[in-house]
Amino acid sequence: MKTKKNYYFLVAGIIFLVSAVTHALNGNLTLLAEMGTTSLDVSSQTVFRYVWHIITAENLIFGVALLLMAFAKDQVKIRYTVWLIATVLLTRWLVILLFTLTYDPSVLTGSLIDGVVIILLVVVLLLGNKAGRRKEKSRLTD
């Protein structure tokens, strides 16, 4: 029997894994490295560092989950997981947008790439959900 793959989830999983690596590298090589030279107190630096790495870990977890889901036989059972990931992503985007607009609208263009990637990932996830349902229906009718 031929294994059916959900290429949408596969692509999204790879994007998440790359995002986790680049987020960690970008933080460690630039922003987090510079924080040690500022007058920001240590407790604030610690909070900023762990929040930064929470995003990295979240991207890593989503990437691994989506890679596993790309090869799942029963695509219908993972439909709600995809909706949950899409909801987390959209919430992340709204938080970025609202805080940027509230505190410094002049840097909104700097977060444009984040917004585009998040929207692209949500679209890919929803397309993967739709493709998974089609594959499941065709499997049931065979």
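The values are calculated or read from the model by the stated rules, or taken from the named source; none is laboratory data. Predicted model only: the values in this text are computed from it and were never measured. Glycine also receives a Cβ, built like all others from the backbone with ideal geometry; neighbour counts cover every protein chain displayed. With ligands, DNA and RNA removed, areas are computed over all heavy atoms of the protein, side chains included. Shrake-Rupley method; radii C 1.70, N 1.55, O 1.52, S 1.80 Å.
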Exercise for the section: Please go through the range 12-59 and pick out each residue that is free of Cβ contacts under 8 Å to residues at least 12 places away in the same chain and open to solvent by less than 40 Å² (accessible area, probe 1.4 Å). Expected result: Gln45
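In the set Phe9, Phe99, which member is in contact (Cβ under 8 Å) with a residue 60 or more places away in the chain and either part of a helix (DSSP H, G or I) or of a type in the set (Phe, Trp, Tyr) (or both)?
Values: Phe99 fails: in contact (Cβ under 8 Å) with a residue 60 or more places away in the chain.
None of the other options fit; the residue is Phe9.
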Exercise for the section: Kindly check whether there is at least one residue in the range 123-137 that is part of a helix (DSSP H, G or I), modelled with pLDDT of 95 or more, β-branched (Val, Ile, Thr) and closer than 26 Å to Tyr7 by Cβ. Expected result: yes
Problem - Test for Phe9: is it closer than 15 Å to Leu125 by Cα, open to solvent by 80 Å² or more (accessible area, probe 1.4 Å) and not polar (S, T, N, Q) - result: no
Handout entry: Qualifying residue in the range 92-113 (condition: open to solvent by less than 60 Å² (accessible area, probe 1.4 Å), under 15 Å from Ala12 (Cβ atoms) and not polar (S, T, N, Q))
Key = yes
Practice task
Scan the range 80-89 residue by residue and report those that are more than 13 Å from Val124 (Cα to Cα) and surrounded by 15 or more Cβ atoms within 10 Å (Cβ to Cβ).
Solution key: Thr81
Handout entry: Number of the exception - Tyr50 against (1) among the aromatic types (Phe, Trp, Tyr); (2) in contact with a helix residue (DSSP H, G or I) (Cβ under 9 Å, 6 or more places away or on another chain); (3) over 26 Å from Val124 (Cα atoms)
Key = (2)
Practice task
Tell me, yes or no, whether the range 68-75 has at least one residue that is at pLDDT below 95, farther than 21 Å from Leu112 by Cβ and exposed (fewer than 12 other Cβ atoms within 10 Å of the Cβ).
Solution key: yes
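If you go through the range 62-76 one residue at a time, do you hit one that is of a type in the set (Phe, Trp, Tyr), in contact (Cβ under 8 Å) with a residue 24 or more places away in the chain and not in a helix (DSSP H, G or I)?
Going through the range 62-76, the residues of a type in the set (Phe, Trp, Tyr) turn out to be 62, 71.
Right, trim to in contact (Cβ under 8 Å) with a residue 24 or more places away in the chain and you get 62, 71.
Add one more test, that the residue is not in a helix (DSSP H, G or I), and what stays is 71.
Among the residues of the range 62-76, at least one is of a type in the set (Phe, Trp, Tyr), in contact (Cβ under 8 Å) with a residue 24 or more places away in the chain and not in a helix (DSSP H, G or I), which makes the answer yes.
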